Each structure stands twice: as C-alpha cells, then as structure tokens.
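Worksheet: the structure to be examined is printed underneath.
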Amino acid sequence: MTHDDNTPGPARPAWLKPLLWIDENLEKVIILIAYSGMAGIIFVEVIRRFFFNQQAAWSTSIPILLFLWLTWFGASLNVKRRSHLSLNELRMRLPYFGQFLCLILDAVLWIGFGILVIYYSTQQVTLAYDNFAIVTGTNSVMQWWFYLATPLAWVLLLFRVLQNLYQDIWRYKRGKPFNLQPAIMD
C-alpha cells in the first residue's frame, strides 16, 4: 500500500523500506520472471525447430506451467490495483453507504472464493507432490513446483483484498471518497 495523503498510517521507518518495496513489486517481479521464462523458452525453441530441426521435449509443457504463475499473480496484482472486472458504473451511482456496502460484499466474496481455491488447489499440489509427478519431457522437474502458484498467489490475493478492505474502512470512517476508478497503469 503506497503512502499518500489519502492512505492511512504515519511516516514509515527506514527498516520498513524493503518490506514496502516487496509489497509494491512482488507480483510484478513474479510476472516478469514467468513471462520472460515463457517467452525465452518459446523463442529459443522456435529457432531450434525451424533452423536445426530440434526441439526440447519439455519446451511445450514448461511454458504452459509458467503461465499458472503469470496468471494467478496477475490476478493478485489486479485485485491490488482494483483493475479487475467490476460493476463500478453502477456503484458510483449509489449513495456513499451503498458504495461502502458493495466494497464490503466484494471483500467477503473474494475471501470466501479464495478459501475454496486455496483449499482445493493445495490438495492438487499435495497430490502431485505425493505421486512424484514429473513435468512431461523432463526427468526431474516436479509438477507441484508449478501447481504451487495457485495457492500461493491466492494467499497473496486475499492479503490484497484485506489491504483494500482496510483502506475502504479507513476512507469510510473519515468520509473520504472511495477508490472506485481502477488504477490500470502504475
């Protein structure tokens, strides 16, 4: 959560700067790594296929699995920025208390759905781990390493939901306008 005139909290101590950097950039770094890995593998393998008639057996499965990291951490970033799909046109026409109730309902629904996703995706990770599931075309790359993206990203997503909820309650108590316009670019 960035600190500005509309954000709660006193000035931040210096020892907190690394944590604030992680809070601001964690999803972006994971997305960049996953996307770069996907693009790099695909680029190299296209060249190898067309110019050398060779292709790594895992080159079609690893990019797809990296897409899990890209997608779920991208979802967390969109929740943080409030740039996910929503019915904001309708909300902005509601009275102030109605807007607040919608934001509370959003948080409750995100938390409920997130608990389900974390529970069932953790079962999938455990199943892949217990069965020593190997990524197709490899000898030692475990599938659960990639499946772990779903529960980890949803834990982070729920943390972002709670951050937004805290900010919404803070704004409501002070009578400040809600952040209903998505921040698509940062």
Subject >> Failed condition for Gly137, given (1) on the phi > 0 side of the Ramachandran plot; (2) modelled with pLDDT of 95 or more >> reply: (2)
**OP:** Please work out if Gln99 is open to solvent by less than 30 Å² (accessible area, probe 1.4 Å), touching a helix residue (DSSP H, G or I) at 6+ places or on another chain (Cβ under 6 Å), over 30 Å from Ser61 (Cβ atoms) and of a type outside the set (D, E, K, R).
**Re:** yes
Original post:
Any residue in the range 9-32 that is open to solvent by less than 30 Å² (accessible area, probe 1.4 Å) and part of a loop (DSSP other than H, G, I, E, B)?
Top reply: no
Subject >> The listed residue being over 19 Å from the mean Cα position of the chain (by Cα) and exposed (fewer than 13 other Cβ atoms within 10 Å of the Cβ), out of Leu90, Leu85, Leu94 >> reply: Leu90
Subject >> Residue among Gln167, Gln99, Gln163, Gln124 that is closer than 20 Å to Glu27 by Cα, more than 17 Å from the chain's Cα centre (by Cα) and assigned to a helix (DSSP H, G or I) >> reply: Gln167
Original post:
Given Tyr166, Tyr120, which one is open to solvent by 100 Å² or more (accessible area, probe 1.4 Å) and touching a residue at least 40 places away in the same chain (Cβ under 8 Å)?
Top reply: Tyr166
Original post:
Restricting attention to the range 127-151, which residues are assigned to a helix (DSSP H, G or I), of a type outside the set (Ser, Thr, Tyr) and either free of Cβ contacts under 8 Å to residues at least 40 places away in the same chain or surrounded by fewer than 19 Cβ atoms within 10 Å (Cβ to Cβ) (or both)?
Top reply: Leu127, Ala128, Asp130, Trp144, Trp145, Pro151
Subject >> Matching entry among Leu109, Leu66 (being over 14 Å from Leu158 (Cα atoms) and modelled with pLDDT of 95 or more) >> reply: Leu66
Original post:
What is the residue count in the range 77-96 for residues that are touching a residue at least 40 places away in the same chain (Cβ under 8 Å), in a helix (DSSP H, G or I) and of a type in the set (Lys, Arg)?
Top reply: 3
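The values are calculated or read from the model by the stated rules, or taken from the named source; none is laboratory data. Note that the coordinates shown come from a computational prediction; the quantities given were computed from them, not determined experimentally. Using ideal geometry, Cβ is built from the backbone for each residue, glycine included, and neighbour counts are taken over all protein chains shown. Quick note on the areas: whole protein, heavy atoms, side chains included, nothing else; ligands and nucleic acids left out. Shrake-Rupley method; radii C 1.70, N 1.55, O 1.52, S 1.80 Å.
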